[in-house]
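**Student:** Sharing a structure, written as structure tokens. Questions coming.
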Amino acid sequence: MLQSFSIRTTKRDEMIDITRFVEETVRQSGVAEGLAIVYCPHTTAGITINENADPDVKSDMIRRFDETYPWRHPLDQHAEGNTAAHMKASTVGASQHVIITNGKLLLGTWQGIYFCEYDGPRQRTFFVKVWEG
């Protein structure tokens, strides 16, 4: 089963909890044991799994990425001026995979799945693929 989702981001840098979309896709698939792949087809956004209990984790991560990859750097040559967004997306990665067991995502107590925007606001897409096995 492959499901496509469209979301609208509202900030240049933002982490949006998409766990419920992935859980619903797994539920609709009827797969009891298998794998869920969450994929982002954008070069300035990504997918990560991280803590979803304390919202300070998201703001801290965004701040630290900005410190590591400043938006403006005197040596950047990319004409669009969004090299930092490309660096952040490459660091986070375009996909995550999660084990499905007993019909549920095998996530840790504090874990959630996030769509990471680094060049917003934009209309974005992500995909969830569920495999049985």
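Read-outs: derived from the displayed coordinates by stated rules, not from any lab. Since we're looking at a predicted model, the values are computed, not measured. Cβ coordinates were reconstructed from backbone atoms using ideal geometry, including for glycine residues, and neighbour counts include every protein chain displayed.
**Student:** Which of Tyr39, Tyr69, Tyr118 ends up with the largest GNM mean-square fluctuation for the chain, with Cα atoms connected below 10 Å?
**Tutor:** Largest GNM mean-square fluctuation: Tyr69.
**Student:** GNM on the chain, C-alpha springs below 10 Å: top fluctuator among Asn52, Asn102, Asn82?
**Tutor:** Asn102
**Student:** Specify which labelled value, from [x] 1.11; [y] 1.30; [z] 1.46, agrees with Cα Rg over 2.2 N^0.38 Å derived from the coordinates of the model shown.
**Tutor:** Read-out taken from this structure: [x].
**Student:** May I ask you to list the lysines whose Cα is less than 16 Å away from that of Lys88, ignoring any residue fewer than eight positions away on the same chain?
**Tutor:** In chain and number order, the partners are Lys11, Lys58.
**Student:** Tell me the angle of helix 55-68 to the major Cα principal axis of the chain, expressed in degrees between 0 and 90 and rounded to the nearest ten.
**Tutor:** Around 40 degrees separate the two axes.
**Student:** Then there's this: Taking only Cα atoms, what is the 0 to 90° angle, nearest 10, from helix 83-92's long axis to the longest principal axis of the chain?
**Tutor:** Around 30 degrees separate the two axes.
**Student:** What stretch of the chain, leaving out the sites themselves, is the longest with no GluC sites (Glu not before Pro) in a DSSP loop having at most 16 other Cβ atoms within 10 Å? Please list the in-between numbers first.
**Tutor:** Values: sites that count: Glu33, Glu80.
With GluC sites (Glu not before Pro) excluded where exposed in loops, the chain gives 81-133 as its longest stretch.
**Student:** Might you report the magnitude of the Cβ-based charge dipole of the chain about its Cα centre, with Lys and Arg at +1 and Asp and Glu at -1, to the nearest 20 debye?
**Tutor:** Values: 14 positive and 17 negative charges, 57 e Å.
Here the chain has a charge dipole of around 280 debye.
**Student:** Normalising by the residue count of the chain, find the relative contact order in percent from Cα pairs under 8 Å and 6+ residues apart.
**Tutor:** Values: 268 pairs, mean separation 72.4, N = 133.
Dividing the mean separation by the residue count of the chain yields 54 percent.
**Student:** If R₀ is 22 angstrom, what is the calculated FRET efficiency for the pair Glu33 and Lys129, using the beta carbon separation as r and rounding to 0.05?
**Tutor:** Efficiency, from the Cβ-Cβ distance: 0.90.
**Student:** Between Arg20 and Thr43, take the C-beta separation as r, use R0 = 25 Å, and let me know the FRET efficiency to the nearest 0.05.
**Tutor:** Details: r = 26 Å, r/R0 = 1.02.
The formula returns an efficiency of 0.45 here.
**Student:** For the stretch 84-133, what number results from the quotient of the Cα radius of gyration and 2.2 N^0.38 Å?
**Tutor:** 1.40
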